[in-house]
Amino acid sequence: EALKSLNFIEHIVEEDLGNGFPKEKLRFRFPPEPNGYLHIGHASSICLNFGLGLRYGAPVNLRFDDTNPAKEEQEYVDAIKEDVKWLGYEWDTECFASDYFQQLYDWAIELIKTGKAYVDSQTSEEIAVQKGTPTEPGTPSPFRNRSVEENLQLFQGMKEGRFKEGEHVLRAKVDMSSSNMLMRDPIMYRILYRAHHRTNTDWCIYPMYDWTHGESDYIEQVSHSLCTLEFAMHRELYDWFLDQVVDKNLVRPKQREFARRNFSHTVVSKRKLLQLVEQGFVKGWDDPRMPTISGLRRRGYTPESIRNFADTIGIAKRDNVVDVSLLEFHVREHLNKIAPRVMGVLNPLKVVLTNYPEGEEEWLEAENNPEDDSAGFRQLPFSRELYIEKEDFMEEANRKFFRLKLGGEVRLKNGYIIKAESCTKDTDGNIIEVQCTYDPKSKSGSGTEESLRKVKGTLHWVSAKHALSAEVRLYDRLFTDETPDAHKDKNFLDFINPDSLQIITAFVEPSLANAEIGDRFQFQRMGYFNIDPDSKPEKLVFNRTVGLRDTWAK
Ligand code: ATP
Ligand code: MG
Ligand code: MG
């Protein structure tokens, strides 16, 4: 492949290969913290890392970055695995930072022994004040020059649970006057009496992210450790920690950064998504309005559409906001190819064909998917009483209204041409029924002159007596603002769209009786829908995945 089609991370890898790095030693990882469900932002990182794996035939680890027992849970580990698999990727090894707790502890002891780490017994407030400011050097801790013996003793005491939370921390002895604040003696361990979802109560000291991440990469022999830009300043510390342990004969991991993706009309921070779940703004992590992978799956998105979207936006060097309508474009494009066409009427209005024999019915042939020759045909029942969309009928309308109006004609898709003769209203003046006549010789596909007659409008419909009633959930954006979490004076929750979910009862064609959870369809002229897990044989439930941009051309 031409070099110019590579993204900047791939260029870095190519450069390393060019400088003699052995291709068979390439290894990548996707490192989620199991403190929430994966979201569409993670999809970028997943596609980047697993995409590199595919491009170079290199293994990619799924690494759970589980060093904070206060926020992490097995439920999240399971959900993350399901989502990565569903997106279509296979990891080489499932790894947990918590599996390295002993190794990290042993290395920490080494650092103490070589005078590179010390136990600080100040409060976190005192430590924070001493850090100084970016323009002024920090103040060394009064405990900075503790003896190795005392440090070893105290650190062991921390591990054995002899101290209270906050009483001591272990700090790396780096440089209190570094212009990089992160280098000013960063904390490596804190005391935390919390059960961990994997190590339970084995540990009461937990390693900090900076101390864990690079060493985990090294233990796994990850060659390129890709993370988002907020870690750019951490790179110096990542390298410092590696310097303390690296064996020259092994791969030294390299951290490189790319921009975090933001998306319009939503938020992608697990902390904020958790708030939406906990405060009941949505029904769960997999609510179809959520930007989570599980929400998108439930909504009817395909893994292909998400991967194509991630590939299209690529990776960037600077933070920016991606319009979610691009994601909708990709799902529409994929569903157009694969989703069988069916008829469903969302807002029903009864049509009676006065010249169609009472009690009779017939079965019409309908093409399942004009985009897919192998999709075949199905049978649709037709009878004297039908439903069409309320919006498709007007008593009187101007010449640009190509749907049904009194005295006007339309074709019923896969059926006949009908003409509206009269209508009935309730006492409030609402139209409740339209009486039409049909042209018996105009049946679609019959080859007669009448069947070839052009009329301007084509409507979808269902036969009233055969139709199934179904619950349909229509979604709108979850936030009314384009960048709900980018306002200084307002909270993202202030922009919740109160009308993001509308539940209606629709009528759908009877072929859908056999549809299964997850099945996807195009309701002609109305959009793409899928069957929600709440669906039962006696009560179908559909989600609208996305609307159709255009109506029928024919
Ligand atoms: P969050 O704020 O949602 O918790 P995070 O970065 O803390 O995000 P992690 O579980 O640590 O979440 O993320 C795993 C990987 O996915 C990291 O490498 C992270 O940089 C990347 N990632 C997370 N969010 C995005 C995003 N919006 N765009 C691109 N990459 C992301
Ligand atoms: Mg996080
Ligand atoms: Mg993280």
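Things to note:
- Checking every one of the GluC sites (Glu not before Pro) in region 453-537 against DSSP loop status and a limit of 16 other Cβ atoms within 10 Å picks out GLU482, GLU516.
- For LYS159, the lysines whose Cα comes closer than 23 Å to its Cα, not counting residues fewer than 8 places off in the same chain, are LYS71, LYS113, LYS116, LYS173.
- SER374 versus LEU452: modelled label distance in nm, points set 7 Å from Cα along the beta carbon direction: 3.4
- Look at where the Cα atoms of region 365-382 and of region 64-134 average out, and the two centres are 55 Å apart.
- Charged-residue dipole, Cβ positions (Lys, Arg, Asp, Glu), region 176-263 about Cα centre, Debye nearest 20: 260
- Spin-label pair GLU362-ILE431: with each label point 7 Å from Cα along the Cα-Cβ axis, the two points sit 2.6 nm from one another.
- Selection from ALA195, LEU170, SER121, by position along the positive dipole direction of region 101-206 (Cβ): ALA195
- With eigenvalues of the C-alpha gyration tensor scaled by 5 and rooted, region 1-156, Å: 38, 22, 17
- FRET efficiency, ILE517 to HIS11 (Cβ-Cβ, R0 56 Å, nearest 0.05): 0.80
- Distance between region 1-55 and region 441-466 - C-alpha centres, whole angstrom: 53
- Descending semi-axes in whole angstrom, ellipsoid equivalent of the chain, from the Cα gyration tensor: 62, 24, 19
- Among the listed pairs LYS81/LYS254; LYS131/LYS270; LYS131/LYS272; LYS413/LYS454, those with a Cα-Cα distance over 23 Å are LYS81/LYS254; LYS131/LYS270; LYS131/LYS272.
- Segment ASN249-ARG271, length gained on full extension (0.36 nm per residue, minus Cα span): 3.9 nm
- Across all directions, the average projected area of the convex hull around the alpha carbons of region 101-206 is 6.6 nm².
- With N counted as the residues of region 253-311, its alpha-carbon radius of gyration over 2.2 N^0.38 Å works out to 1.31.
- Principal axis box of region 439-554, alpha-carbon based, largest edge first, Å: 67, 35, 20
- FRET efficiency estimate (nearest 0.05) - Cβ-Cβ, LYS536 to PHE402, R0 35 angstrom: 0.35
- 12 Å cut-off, amide nitrogen to a point 7 angstrom out along THR354 Cα→Cβ, residues in region 393-414: 407
- In terms of surrounding Cβ atoms within a 10 Å radius of their Cβ, PHE377, PHE492 rank from fewest to most as PHE377, PHE492.
- Between region 337-351 and region 205-261, the Cα center-to-center distance that results, in Å: 53
- Around the Cα centre of the chain, unit charges on the Cβ atoms of Lys, Arg, Asp and Glu (plus for the first two, minus for the last two) sum to a dipole of about 880 debye.
- Summing Cβ point charges (Lys, Arg +1; Asp, Glu -1) relative to the Cα centre of region 468-546 gives a dipole of roughly 180 debye.
- Helix-only CD estimate at 222 nm, as mean residue ellipticity for the chain, using -39500 (n - 2.57) per DSSP H run (n ≥ 4): -7500 deg cm²/dmol
- Length gained on full extension, ARG194 to ASP175: 3.7 nm, using 0.36 nm per residue less the C-alpha separation.
- For the pair ILE338 and VAL148, a Förster radius of 56 Å applied to the C-beta separation gives a FRET efficiency near 0.30, rounded to the nearest 0.05.
- Surface/4 estimate of mean projected area, convex hull on alpha-carbon atoms of region 344-460, nm²: 8.3
- The stretch between SER124 and GLU160, if pulled fully straight at 0.36 nm per residue, gains 10.9 nm over its current Cα-Cα span.
Since every read-out is calculated from the coordinates, none of them should be taken as a lab result. Everything numeric in this text was worked out from a predicted model, so none of it was measured. Counting neighbours? That spans all protein chains shown, and the Cβs are built from the backbone with ideal geometry, glycine included.
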